[in-house]
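The values are calculated or read from the model by the stated rules, or taken from the named source; none is laboratory data. Since the structure is predicted, the reported quantities are computational estimates derived from the model, not experimental observations. Neighbour counts run over all protein chains shown; Cβ positions are idealised from the backbone, glycine included. Side chains included, ligands, DNA and RNA excluded: accessible areas come from the protein's heavy atoms. Shrake-Rupley method; radii C 1.70, N 1.55, O 1.52, S 1.80 Å.
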Amino acid sequence: MSISPAHRAHSADIARNFQIALAWVEQSGILDLIENSPAAQARNPKGAGRPPKLTPYPLKALLVTLTEMALAGQVMSIRTVVHRLNFVYTPDLIEALDTGFFQDRARIAAMRVVSELDPDGRPELPEEERAAFKMWKSEYQRCWKALDDQLMPLDDNVLGAGKARTVDELDKAAKRGGKKSQTDLRERIANRIVASSVEYKNGEFFTHLEPTDLHNGVLRDHCGDLAVDLTPIDVNISRHQGKVPKGKRSSSANQMAAFSPKNRRMRWPAVVGLTLGIIVGRVGSPRVPNVALSIGLSKPSPADRRATILCLDAIEEAGHRPPLAGRAHQYLIGDIAYQDMRHLNEYLIDNKYSAMFKYAKNENTILELRATDPDQTGQDQYVGYLYNGCPMCPLADHATLSQRPALEVPAYDVVNGQPTYNIDELEQHERDVQWFESRRAALHGKPQRRARRRVGRPTRGESEQKQEVSIRIGCPAAAGRIRCPLRKDLPSWKDPNLDIGINPPARPTPLCKAKSVTVWLTDRQVKHIQPNLIGTWEHEENYKANRALNEAFHSQLISPNVGGLRRGQILFRKNAQFTIAVALLVGVANIKALDKWRENLDRHGQSPLMAATERRRIRDLILRNRRPAA
């Protein structure tokens, strides 16, 4: 459902947008973060320097103006900032800033005639307007310098803009990166802007709560699941630091940008990768608002591990991750680009997230699982296979698994507005799921990283404290899923309703001797481990529904009627200004999504809409009518 308003994004209600912007900036606390940073304190000692001749542009006035511009759908540029502070805002609005900034009426009257001209241009003007244009250009440069100086603690650009450098110099600078303290502060400021947009609306909707108490407010039905994805966004630079033939190029002011061949056809190949941490719900549970709680900027790529971890850490630091109790899962949902990152999955394991990824179509990943020998001989023994991220018992051998097609939920057609399935395909899928589920090893807990103790003394150069990933799995026959010829002592062997496993291993494995064993995962297996089997309804419905919500937020973000993050919307080039502008546009998309969510609540009597379950209801109805009555 679109959250775009019926009117255009350029709202005429400047006063209302200004009040929202002022409250949003104060809620975020970014002014204190910037002004109290060590770099700002060292650069601006109190009382130093002579007083300026003209009224300075305070940081609060600049940030509130940028925020109001984002809400109004204005182009994010210094020229727009100067124009709105001097020609658009009324004296009452300027006074509400409480920064000491005031409008010089005589100077404004002199500049008004040329205020629509580009201050960087060289227009042909009559003699009487040249002095006014010079004043207008001076005002533009004064505002630009004020913003640049006050955002210096966030400025992690490695190279200065405009100087010609060789390609090798540009590549080395890109690899070296800027100062870590400045990068960390820039990323923290961006995530505070995004999170405070949700906190601001939470305080408006639930006046009896603290704005930061999202768990009892707008996120009361959020169970902790997140969807992440990386999308390229345009950078307004004519030259960038991508690889070029021999010669020199001027270094880009925005050194996060890089050349992306995928976007060459769009004629804007210099892009930055934007990763969003979007909250999502589960099928059958109350619908949560479709908002982003964090962002991460990086080089353009299919998926960026550091930006993803930054998004998760920012949500944790802000206290917006709900507590995780018992054996419940909090899923991180990503596309196929995320399923091949070992370090990302290790981070998820350490921080109690569960992966929910997907492979390419018809791809089967079968990896051998090994467990520590209970006889402590120091040799690991085979206990089964990891099939598409889920451990299987030895009754499902490699030959059998490789011959079976990958599980895939049947496609459906829409007839008279209702989803309709092919009954034969639906029943075959049910039989395939039953086969896999009966042979899937039970998970006892979640994967964890810990030091592995091996038999004997460590060899020279081997670290005794090496961290490895382990998980405890159980026998499916002991869990009552299948009758196993090797476990006739279990009650499941006498249950006639269960399948009988065929082709048991010639020699019982450690899993066949005990109810559960500890399995140590290789680096490749760590990339794939996940609690749900791909192709089952439980995985497919939650994965596809939440991936769709992820893509829906991206669509709203670039829509000119909602977020407006499209080509030409941001004209800032330096990392600090560019990052703040991106965070503000993401926050605007959050605010409009929350307004739509609240409208749905009011329309349905404060009862949240349930996430769509229509496909499963139709499936259950077809199968129930197909099966003979008991």
Quick calc: nm separation of the 7 Å Cα→Cβ label points for Arg130 and Ser181 -> 4.8
Per residue of region 490-507, in order, report the coupling 6.51 cos²θ - 1.76 cosθ + 1.60 (Karplus, θ = phi - 60°) as ³J(HN,Hα) in whole Hz, putting x for Gly and Pro. 8, x, 4, 5, 8, 8, x, 7, 9, 5, 9, x, 10, 6, x, x, 4, 10
To the nearest 10 square angstrom, what accessible area does Phe87 show with a 1.4 Å probe? 30
Given the whole protein assembly as supplied and a 1.4 Å probe, what does the accessible area of Glu408 come to in Å², nearest 10? 100
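Measuring with a 1.4 Å probe in the full set of protein chains, what accessible area per residue, in whole Å², belongs to region 81-132? Each step should come with its number before you reach the end.
Details: 3120 Å² over 52 residues.
Normalised by residue count, the accessible surface of region 81-132 is 60 Å².
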Which links in Lys60/Lys179; Lys358/Lys527; Lys299/Lys527; Lys179/Lys299; Lys299/Lys544 stretch past 19 Å when you go from one Cα to the other? Lys60/Lys179; Lys299/Lys527; Lys299/Lys544
With every protein chain left in place and a probe of 1.4 Å, what is the accessible surface of Glu35, to the nearest 10 Å²? 90
Among Leu395, His429, Tyr412, the residue whose Cα sits farthest towards the positive end of the charge dipole of region 387-434 (+1 at Cβ of Lys and Arg, -1 at Cβ of Asp and Glu, taken about the Cα centre) is Leu395
Mind running the shape call on region 419-578? Use the C-alpha gyration tensor, a ≥ b ≥ c as the square roots of the eigenvalues: rounded below 1.5 for a/c, prolate if a/b tops b/c, oblate otherwise. oblate
Return the aspartates and glutamates within reach of Lys515: Cα separation strictly under 13 angstrom, same-chain partners fewer than 8 residues apart disregarded; answer none if there are no such residues. Asp489
